[in-house]
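Just so it is clear, none of the values below were taken in a lab; they were calculated from the coordinates. This is a predicted model, so every value here is computed, not measured. All Cβ positions, even for glycine, are placed from backbone atoms using ideal geometry, and neighbour counts span all protein chains on display.
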Amino acid sequence: MPLPPISRRTLLRGAGCSLALPFLEAMLPHQPLLRAAGTEAAKDKAKPPVRMGVLFFPNGVWQDAWIPKKDGADFELPYSLEPLAPHKNDLLVLSKLDKKHSHTGDGHYAKTANFLTGLLVAKTTGKEISTGGISVDQLAAQKIGHLTPLPSLELGIDPVISGIDSNVGYTRLYGSYISWKSPSVPVAKEINPRLVYERLFGGRKASPAGKTAKADTRNADDLKLLDMVMDDAKSLRKKLGRDDQFKLDEYLDSVDAVERRIQFFAQPDPRGWKPDTKPTPKAPAAEKPADFREHVRLMLDLMVLAFWTDSTRVSTFMFANDVSGRNFSFVDGVKGAHHEISHHEGKAEKIEQYKRINRWHTEQYVYLLDKLRAVKEGQGNLLDNSMILMGCGMSDGNRHDPNDLPIVLAGKGGGTIKTGRHIASPAKTPLCNLYVSMLERMGTPVERFGDSSGKLEIG
């Protein structure tokens with residue numbers, strides 16, 4: 001028999017403390033519970049740190065309008081990448097990269113959830129999810145996250161979608177995340193710009209001299225609220241359905257992020273390097289923007305601020321959940337929803353619209369790169385000291401292929417990347433080879449990651 005609903009006034013309790021809960025489906029009356037579905041960063045104080053950013057877009061690309069015809073430096077940007085012309089010398093266009101573990105499974109979920117893990121996604125309706133391993137961003141965050149107020153920053157536009165896609169027998173959660181702490185634990189993304197701003201700046205206050213003051217002077221024992229209530233949280237979690245479990249996990253992740261930041265500023269700052277300049281950000285409105293385009297730009301602005309202030313060195317952004325049906329009629333020449341258009345069936349009218357949607361995503365990428373390049377840092381700029389990847393877990397959206405993936409990498413990685421090239425790797429080169437090379441430049445080297453077979457030569 002289903003358990004009785006829990007009270008909306010339920011608190012997580014610990015030794016002399018309590019923590020309120022978010023609203024859960026289990027709080028509704030007469031609702032049955034669902035079946036539970038080492039290496040340190042280089043300590044070079046004079047040199048700016050390298051940042052890693054990942055932008056994910058869904059539904060693939062029309063490859064003829066994305067992949068350059070020529071390899072090397074003498075290449076022309078195809079239609080969907082033409083907006084990158086001002087940044088041609090700042091980037092690498094990478095082709096022929098593959099995810100061998102996505103050749104089985106469904107068209108979308110088995111290719112999105114492992115975009116940053118490169119491993120096999122377990123087919124499940126939600127009881128036992130697995131993406132095979134930790135994602136590349138979270139591996140970097142584990143190793144260098146203690147050096148910044150936030151170990152990493154996950155951003156998005158769409159809320160998490162749970163439940164089952166009955167067409168393919170996969171949980172829709174797989175389409176909502178690209179960052180994973182472990183094979184079964186996704187990292188909650190924030191979709192409200194105001195809350196992101198508060199995570200970045202809400203705890204700081206300026207001293208009379210204009211310097212950043214400590215956000216909190218409480219002792220360490222007072223900063224472990226989440227730890228103190230964790231036993232109660234684990235006990236409650238066992239009583240919840242799968243959807244509520246994810247809501248609870250996301251909530252606890254958010255609390256953890258705030259506590260980590262407070263604790264960071266209550267102790268001596270471990271960062272040897274400090275930004276040369278300081279931004280003067282304007283706080284976003286309390287509500288999420290109604291306009292999708294404004295929402296995207298605002299989240300990208302926040303990523304720039306996070307890197308600029310060295311609040312974090314690792315960040316991801318999802319333009320949309322996979323299988324996104326967002327209507328792109330705001331783009332000239334497009335009438336209809338992204339997912340439906342990506343199933344172009346070889347029809348010229350749909351292909352033209354598909355190309356334009358791809359180009360729109362590139363334009364947003366350019367917006368971010370422009371912002372990063374405008375920030376002077378050390379002997380160069382913030383883009384020079386970053387690696388900003390944009391791509392998708394499938395190639396053509398009609399075929400759902402996981403080979404010859406659309407991947408672009410901008411930034412010089414602190415002067416370690418030879419940009420201004422199209423690198424066409426041998427067929428079926430693992431995408432994870434690129435991740436091994438990126439981890440090395442983050443100061444978190446590994447011999448292997450995911451299904452890697454070596455490093456991708458990008459230097």
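Summary table
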| item | result |
| --- | --- |
| Charge sum, other residues only, whose C-beta stays under 10 Å from residue 105's C-beta, Lys/Arg counted +1 and Asp/Glu -1 | +1 |
| For the stretch 73-102 versus the stretch 399-459, the gap between their alpha-carbon centres in whole angstrom | 12 Å |
| Under 11 Å, Cβ to Cβ, from residue 442 - net charge with Lys/Arg +1 and Asp/Glu -1 | +2 |
| Global form of the chain, assessed from the alpha-carbon gyration tensor, a/c cut-off 1.5 | oblate |
| Spin-label model distance (nm) - residue 237 vs residue 283, 7 Å beyond Cα toward Cβ | 3.2 nm |
| Which listed pairs, of 99/288; 288/371; 247/274; 47/99; 189/376; 99/274, have C-alpha distances above 27 Å, in listed order | 99/288; 247/274; 47/99; 189/376; 99/274 |
| Which of 338, 343 has the fewest Cβ neighbours within 10 Å, and the rest in rising order | 343, 338 |
| Taking the stretch 50-131 and dividing mean pair separation by its residue count, relative contact order in percent (alpha carbons under 8 Å, at least six apart) | 17 percent |
| Point-charge dipole on Cβ atoms (K/R +1, D/E -1) for the chain, about Cα centre, debye to 20 | 780 debye |
| DSSP beta bridge pairing in the chain, given as percent antiparallel to the nearest 5 | 50 percent |
| Residue order, fewest to most beta carbons within 10 Å, for 315, 235 | 235, 315 |
| Prolate/oblate/rounded label for the stretch 93-151 (Cα gyration tensor, a/c 1.5) | oblate |
| Neighbourhood net charge (10 Å Cβ-Cβ; Lys/Arg +1, Asp/Glu -1) for residue 419 | +2 |
| Placed amide H near residue 155: partners under 5 Å, 5+ positions off or other chain | 190, 316, 317, 318 |
| Pairs of Cα atoms farther than 27 Å apart, the stretch 331-459, % | 32 percent |
| Overall form of the stretch 57-175 per C-alpha gyration tensor (a/c, 1.5; a/b vs b/c) | oblate |
| Sites residue 418 and residue 448, calculated FRET efficiency, Cβ-Cβ separation with R0 22 Å, nearest 0.05 | 0.40 |
| Ranked 365, 177, criterion: other C-beta atoms within 10 Å, fewest first | 365, 177 |
| Residue (of 305, 456, 26) at the positive-pole extreme of the chain, dipole from beta-carbon charges | 305 |
| Options 119, 318, 413, ranked by Cα towards positive dipole end of the chain, top entry (Cβ charges) | 413 |
